[in-house]
Every structure is written in structure tokens, then in C-alpha cells.
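Asker: Take this structure, written in C-alpha cells, and hold onto it; I'll ask about it next.
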Amino acid sequence: MAEFRIAIIGAGPAGYFAAQALQSAEIDGKKFAIDMIEKLPTPWGLVRSGVAPDHPKIKSVSKVFEKIATQEGFRLIGNVELGRDISLKELEEMYDGVIIATGSTVGRKLGIPGEELANSISAADFVPWYNAHPEYKNLEVDFSDQVAVVIGAGNVAIDVARMLALNPKELDLTDTAQYALDKLHNSAIREVHLFGRRGAEHAAFTSPELRELPKLEYTDVFIDEGEISAAQQRASSAGEIPKDIKANLEAMAAIATADKKGVDRKLSLHFLSTPLEIKGEGRVEEIIFSLNEVKDGQVVPTGKTKSIKCGLVISAIGYRCLEMPGLIYESGKIKNTDGRIGASNTYVVGWAKRGPSGVIGTNKSDSSEVIKLLISNLTTPKNSQDILEILSSRNITYISQKGWEQINNAEISAGEALGKPRVKITDLQEMLGFAG
Ligand code: NAP
């Protein structure tokens, strides 16, 4: 019997962990042949374009991805876009199983008046902008006002608020896009306000991200002490406080009571504030919030409002999938049952399957469960045409693992001279040039 051939679409964490699960399995003594198809010439998904540049340790998971990529039977096929260069139907006909691992890349909307004003930006665009994603490098963002507002009480909101509030010299030795670094060095922003719509006890942050805030060398971080003690009281009135909430509230209390350095860069965290409207003549000038309270466990408006004059609003309120033809979407995710799409041999993993939740490692067990299901549904290998023949016949330039390694080496060498981990290439043609 020939080997089973599996296509994974998307070279992010969920895709690599799906490949890893396939590599540790075999059928009748035969390993799987895995083709990982990626739109960009560069792999690693959110590890490259999502993780904050001042969090290099989180990015070290890329070593695991490279180990997976250099196993026998694995091919990276970069610079190939589903729907443009090859259709899902073609892949389904060619492969024994298709796994969609394309994540969720579109920012959720606040749905309030003024959201479309210039300098009201989604974190789904802002984060890949500072991370040198070629499709986002031309994002227009203006840092000329002293005050910026971030909406959302999750880790993406913290990343964005920290990136805006820190002293950009703390980013000089990171892989932040050079154009972003230049702009941040000239930024007038000195006050960043982050707003959660519910109480501090409901925040989606994780405590390590909160605990690093008071360690910022050039930024004072503020939280109202009374707001945290009220949240602690509310949380404990419902019984024992769950461990993660307790750790979050302790980290926030530590921020509230920490000695301040008296520096001019300030980051403030606020809760119980729902954005109602963004105002301005063509661009962001002010944001209005409804102030909330917690009554009988429910977050309700008090009827009072608060306004903040600001020049930039970034909403970090979650993501949904970019919709592709031939798939059904439900609540921003691809409709699936335990990862299987209908009764087909097409599966979905990662954020496209379960929504934008969990840390990178969450994808390992999640992808592994989906692969078990995929394997249980395999019958006989198809033994059909090789995708590389089809791509060549269409004159599509694809990037192999070797080509990517050449791009990777070029970026790392450019970084070495500057004491940075890498200097990311943002021009697709330049990437293709290095890939040969
Ligand atoms: P998230 O954790 O789901 O947080 C989204 C936040 O947006 C919540 O506070 C939510 O409030 C709020 N929100 C949603 N709709 C809103 C609206 N209409 N108005 C105001 N606020 C609204 O999502 P995320 O921050 O995008 O993060 C996605 C995942 O990536 C998470 O699992 C996160 O932990 C992970 N991540 C991890 C790291 C890290 O480990 N360092 C870094 C970045 C991201 P409600 O709770 O009230 O809905």
C-alpha cells in the first residue's frame, strides 16, 4: 500500500502541531507524507506575526516547528494561496486528508458610531503591522497625539498597550519592524488607557502578562486600588475564587500598590467601561464610555458616561476567520464537529476550529485529537497527482523548506550585525530573491 498524503493549509502553530501528531503515527508501518501549504513565503503564523517582539522566549517554539519541518516526508510549500493558486476542491481530490489551519485573522468590530474614523484601528491589523507582516506594512497609524486608548481586557490588549506605552529603546534589540520602530521612536504618546467592559475579576488577561507590567523600566502602570478591592470582594462573595482569577487580582493589586517611578510614560488599566462612541472630525479625537457596575453578578450600565480625549483607539476584542469559499462559518469559526468538516476528509484545527482562545501550547493537544479522528476515517491511499506538478504547470513560484531557510538565514545575518534576533524582510519579491 502507498503512503497516505495529507495537506495542511496554514503554517502556524496549529498546523505544525497537526504535522507533529501525524509524524508520530503510522499506518501499516508507513509514515504519512505531509505537505504544508502556506500563503506567505515565511512560515510560523502568529509566532512570527502575532507574538509581541519583546516576548522572544515565546517565539522559541519555532525551534520545535523547524524540527518538524526537517523530518522525512514533510514538505513546506510556501507562497501558495488557497483559492488563488489552488482550490480546496482540488486539494480534497488530491490528498487523503486536508487540514485547514488558517487561524482567525479578522478583528471583531465594536459596532459603535465612529469606529470607521481614521486612527481607529483593530489589533488584528496593528499587531501584524509592528511585526512586519508584508500584508500590513502599509497600515496608516498616527502617533502624534499624547493619549491612546486600547479596548479589551485580554492578552492582545495588554500586548498592544505595552507596545504603545514602553520606551521604544526597549524594542531596539528586538525584531520589531524597522518602519514601526522608527514611528514609535517619534511617537508623542505618553498616556495609554486600557478599558475592559466588565470588572477586573472578569478580565481575560493571564497573570504572567500582568506581572511583567510593573517591571517596565520607563513606564508607570496604574490601576485604581479601590476598583481591585471591590472586584476581590465581588469574586469572593460567590465562594472560593478560582485560581486564575485570584492570581490575576493579586497581580493587579500589586500594580495598584506598587511605588511609581515618576516617569512621563503612563499606562492605566480601567474596568467596567463599555465604549459607546468614537468622535472626531474625520479622525479619532475622543471616545465616550458607558460606566457599568456589577449588580447580582450581572454587569449593568449605571447611566453615567465618561469621555477621554485621545488621538488613537485600538480595539483588541477578539478575532474571526476570514471566510473562504466552500466552507460554512458559525460564530466566526469554520463549522465543524470535533474538527471534522461535515462527512468529508477535511478537518480544521486551531483558532479556525475553536475560536481565538488559548496559548500556543493549547494547539498541541487540540491538533492531536483532530489527527486521531482523521486517521480513524482513512481507508485506502489515493495515489494521485503531485501538487508541485500542478503549481509548476500554473507557473506558480512556491517556496520550499530550503527556500525558507535561505530567507531565515538572511534575516538572522542581517540581525546579527545589529544585535537583534533578526531583521524581518517585508517585501515579497525580496523574500523570493533570497529563496532563490
Ligand atoms: P480574549 O482573551 O478573548 O479577550 C478579548 C477581550 O475583549 C475580553 O476582555 C472581552 O471582554 C473584550 N471584548 C469583546 N467584545 C467586546 C466589545 N464589544 N466591547 C468591549 N470589549 C469587548 O482575546 P485576545 O486578547 O484577542 O486573545 C486571544 C487569545 O490569544 C487568548 O487566548 C489570549 O490569552 C492569547 N494570547 C496570549 C498571549 C500570551 O500568552 N502572552 C498574548 C496574546 C494573546 P468580555 O470578556 O467582556 O467579552
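The values are calculated or read from the model by the stated rules, or taken from the named source; none is laboratory data. The shown structure was predicted, so the numbers you read here are calculated from the model rather than taken from an experiment. A quick note on method: Cβ atoms are made from the backbone with ideal geometry, for glycine too, and the neighbour counts reach across all protein chains shown. Note: accessible area is taken over every heavy atom of the protein model, side chains too, but ligands, DNA and RNA are not part of it. Shrake-Rupley method; radii C 1.70, N 1.55, O 1.52, S 1.80 Å.
Asker: May I ask you to list the lysines whose Cα is less than 18 Å away from that of Lys335, ignoring any residue fewer than eight positions away on the same chain?
Answerer: Candidates past the 8-residue exclusion: Lys89, Lys353.
Asker: I would also like to ask the following. Can you work out the FRET efficiency for the pair Glu140 and Asp264, with r the C-beta to C-beta distance and R0 = 35 Å, to the nearest 0.05?
Answerer: 0.85
Asker: Quick check: net charge around Leu276, other residues with Cβ under 13 Å of its Cβ, Lys/Arg +1 and Asp/Glu -1?
Answerer: Surrounding charge for Leu276 is +1.
Asker: Residues with beta-carbon under 9 Å from that of Asn345, excluding Asn345: net charge, scoring Lys, Arg +1 and Asp, Glu -1?
Answerer: -1
Asker: Still on this model: Can you say what percent of the DSSP beta bridges in the chain, counting only those with both residues inside, are antiparallel? Round to 5.
Answerer: Of the beta bridges lying entirely in the chain, close to 35 percent run antiparallel.
Asker: Ok, one more. Within segment 72-177, which GluC sites (Glu not before Pro) sit in a loop by DSSP and count at most 12 neighbouring Cβ atoms inside 10 Å?
Answerer: Glu72, Glu116, Glu140
Asker: Rg(Cα) of the chain divided by 2.2 N^0.38 Å?
Answerer: Against the empirical 2.2 N^0.38 Å value, I get 1.05 for the chain.
Asker: Something else about it: Short version: ³J(HN,Hα) in whole Hz for each residue of segment 366-380, in order, from phi by Karplus 6.51 cos²θ - 1.76 cosθ + 1.60 (θ = phi - 60°), x for Gly and Pro, what are they?
Answerer: Per residue, the Karplus-derived 3J(HN,Hα) values read 4, 5, 4, 5, 5, 5, 4, 5, 4, 4, 5, 9, 7, 10, 10 Hz.
Asker: Taking springs between alpha-carbon atoms closer than 10 angstrom, which of Gly311, Gly403, Gly29 fluctuates most in the Gaussian network model of the chain?
Answerer: Per the Cα network of the chain with a 10 Å cutoff, Gly29 tops the list.
Asker: Relative contact order of segment 109-317, please, whole-number percent, based on alpha carbon pairs below 8 angstrom and at least 6 residues apart.
Answerer: Normalised by residue count, the contact order of segment 109-317 is 32 percent.
Asker: Still on this structure, I have one more. Report, in listed order, any pair from Lys169/Lys215; Lys402/Lys424; Lys215/Lys243 with a Cα-Cα distance greater than 20 Å.
Answerer: Checking Cα-Cα distances, Lys215/Lys243 exceed 20 Å.
Asker: Please express the shape of segment 109-317 as an equivalent ellipsoid: the semi-axes are the square roots of 5 times the eigenvalues of the C-alpha gyration tensor, given largest first in whole angstrom.
Answerer: 28, 21, 15
Asker: Please report the carbon-and-sulfur percent of the accessible area for the chain; probe 1.4 Å, protein heavy atoms only, DNA, RNA and ligands left out.
Answerer: Taking all protein chains in place, the chain shows 50 percent carbon and sulfur surface.
Asker: While we're here: Provide the percentage of antiparallel DSSP beta bridges, counting only those with both residues in segment 109-317; round to the nearest 5.
Answerer: Of those bridges, close to 40 percent are antiparallel.
Asker: Which distance in Å, rounded to a whole number, links the C-alpha centroids of segment 302-364 and segment 106-147?
Answerer: 18 Å
Asker: Turning to a different aspect of this structure: So what is the 222 nm mean residue ellipticity for the chain from helices alone, if each DSSP H run of at least 4 adds -39500 (n - 2.57) and you divide by all residues, rounding to the nearest 500 deg cm²/dmol?
Answerer: -9500 deg cm²/dmol
Asker: Which whole-number percent is the relative contact order of the chain (Cα, under 8 Å, 6+ apart)?
Answerer: 23 percent.
Asker: If you don't mind, there's one more thing I want to ask. Please identify every one of the trypsin sites (Lys or Arg not before Pro) in segment 44-109 that sits in a loop by DSSP and has no more than 13 other beta carbons within 10 Å of its own beta carbon.
Answerer: Sites meeting the loop and neighbour criteria: Arg84, Lys109.
Asker: Another question, if that's okay. Within 10 Å of each candidate Cβ there may be at most 16 other Cβ atoms; applying that plus a DSSP loop requirement, which GluC sites (Glu not before Pro) in segment 199-255 survive?
Answerer: For GluC sites (Glu not before Pro) across segment 199-255 that sit outside H, G, I, E and B with at most 16 neighbouring Cβ atoms in 10 Å, the list reads Glu212, Glu217, Glu240.
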